[in-house]
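Asks: My structure is below; once you've seen it, I'll send some questions.
No value in this document is a laboratory result; all are computed from the given coordinates. This is a predicted model, so every value here is computed, not measured. Note that each Cβ is placed from the backbone with ideal geometry, even for glycine, and that neighbours are counted across all protein chains shown.
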Amino acid sequence: MKTLFLWDIDGTLILSGGAGVRAMKKALYNVFQVNGLIDDIDFSGRTDPWIIRQIFSRFDVPATPPNFARYFEAYLEALPAEMKNPEARVLPGVRTILQEAAERGEVAQGLLTGNLRRGAELKLGHHGLWHYFPFGAYADDSEVRNELGPHALRRARERHGVEFSPDRVWVIGDTPRDVACAHAFGANCMAVATGGFSSSDLAAHSPAAVLPDLSDPSAFWAAVDR
């Protein structure tokens, strides 16, 4: 085993059809009785605690540990119902690549995501993808996205008993912040233009590879096996 894939979720593996934003709105009302606009907050490549901190600041909610805990619970309670919308889907090529990677004996797969771990499980479990990811780094580990890489590497090592060389680690994501996160711990980034950023937007941040999408698994493997 020599190659490690660390996958982002939203905009890379799946689109949730706005489920996360709607669940956060419901949580805001259910816990704090606040009915306010949060759609204009920049969610892309951020962690859930970072986003919630911005929401608290906007509506003058004290950013205390108990308030975070109450909000997290309400958000996770609301999320499953919001995932049941017609716009929630797995992006093209993802199922094929995940299965092909699982069948390659030299490849390990985990997550590197700004989602809380339970949120990641709810989103991916809804689409039958959770079983591909036995470990990962999540927003539970740090509010700062660029601090997540070492957590993922440690769990990969604990799971597989392998010290993955940074040049064989690939962070796969759809935002400039995924690229920055990969660079922060010396990994490669495969940037995929299936979120809110174009291929040229992503290329400006110097990822190791850029793809318009994952619909052509052969292009994905050509980039990884270079």
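Asks: Once you list every other residue whose beta carbon is under 12 Å from the beta carbon of Arg46, what net charge do they have if Lys and Arg are +1 and Asp and Glu are -1?
Replies: Residues near Arg46 contribute -3 overall.
Asks: If we count other beta carbons within 10 Å of each Cβ, what is the order of Arg157, Arg104, fewest first?
Replies: By the 10 Å Cβ count, ascending: Arg104, Arg157.
Asks: Explain nothing, just compute: Karplus ³J(HN,Hα) = 6.51 cos²θ - 1.76 cosθ + 1.60, θ = phi - 60°, for every residue of the stretch 205-220 in order, whole Hz, x for Gly and Pro.
Replies: 9, 6, x, 5, 8, 10, 10, x, 6, 10, 5, 10, x, 5, 5, 4
Asks: Considering amide H positions built from the backbone, and no H for Pro or chain starts, which residues 5 or more places from Asp213, or on another chain, come under 5 Å of its amide H?
Replies: Ala193
Asks: Okay, next question. How far, in nm, would the chain grow between His131 and Gln54 when pulled straight, counting 0.36 nm per residue and subtracting the alpha carbon separation?
Replies: Here the segment from His131 to Gln54 would lengthen by 24.5 nm.
Asks: Hey, another quick one. Using only the C-alpha atoms of the stretch 19-83, find the volume of their convex hull and express it per residue in Å³.
Replies: Taking the convex hull of the Cα positions in the stretch 19-83, it is 76 Å³ per residue.
Asks: What is the calculated FRET efficiency for His160 to Ala219, with r their C-beta to C-beta distance and R₀ = 25 Å, to the nearest 0.05?
Replies: Efficiency, rounded to the nearest 0.05: 0.40.
Asks: I'd like the orientation of helix 65-83 relative to the chain: the angle between its Cα long axis and the longest Cα principal axis, in ° from 0 to 90, rounded to 10.
Replies: Around 70 degrees separate the two axes.
Asks: Let me ask something additional. With Cα extents along the principal axes in Å defined as stated, name the option among [x] 54, 43, 25; [y] 75, 41, 35; [z] 53, 34, 33 computed from the structure displayed.
Replies: Given [x] 54, 43, 25; [y] 75, 41, 35; [z] 53, 34, 33, the calculated one carries the label [z].
Asks: I want the local charge near Phe164. Using Cβ-Cβ distances under 13 Å, sum +1 for each Lys or Arg and -1 for each Asp or Glu among the other residues.
Replies: Overall, the nearby charge balance is +2.
Asks: Let me ask something else about it. Round to the nearest 0.05 the FRET efficiency obtained for Tyr29 and Glu121 when R0 = 30 Å and r is the Cβ-Cβ distance.
Replies: 0.80
Asks: Using the Karplus curve 6.51 cos²θ - 1.76 cosθ + 1.60 with θ = phi - 60°, work out ³J(HN,Hα) for each residue of the stretch 21-26 in order, rounded to whole Hz, and write x for Gly and Pro.
Replies: 5, 5, 5, 5, 5, 4
Asks: Write down the percent of antiparallel bridges among all DSSP beta bridges whose residues are both part of the chain, to the nearest 5.
Replies: Once the DSSP bridges in the chain are tallied, antiparallel ones form about 10 percent.
Asks: In whole angstrom, how far apart do the alpha carbon centroids of the stretch 109-185 and the stretch 1-44 sit?
Replies: 16 Å
Asks: Once you list every other residue whose beta carbon is under 11 Å from the beta carbon of Asp141, what net charge do they have if Lys and Arg are +1 and Asp and Glu are -1?
Replies: So the environment of Asp141 carries a net charge of +1.
Asks: Sticking with this one: Given only helices, namely DSSP H runs of n ≥ 4 each adding -39500 (n - 2.57), what is the per-residue ellipticity at 222 nm of the chain, to the nearest 500 deg cm²/dmol?
Replies: So the calculated ellipticity at 222 nm is -13000 deg cm²/dmol.
Asks: When the chain is fully extended, how far beyond the present Cα-Cα distance does Ser198 get from Glu106, taking 0.36 nm per residue of separation?
Replies: 30.0 nm
Asks: How large is ³J(HN,Hα) for each residue in the stretch 35-40, as worked out from phi by the Karplus curve 6.51 cos²θ - 1.76 cosθ + 1.60 (θ = phi - 60°), to whole Hz, x for Gly and Pro?
Replies: 10, x, 7, 10, 4, 8
Asks: Then there's this: Taking the Cα centre of the stretch 19-83 as origin, work out the dipole magnitude from +1 charges on Lys and Arg Cβ and -1 charges on Asp and Glu Cβ, in debye rounded to 20.
Replies: Rounded to the nearest 20 debye, it is 80 debye.
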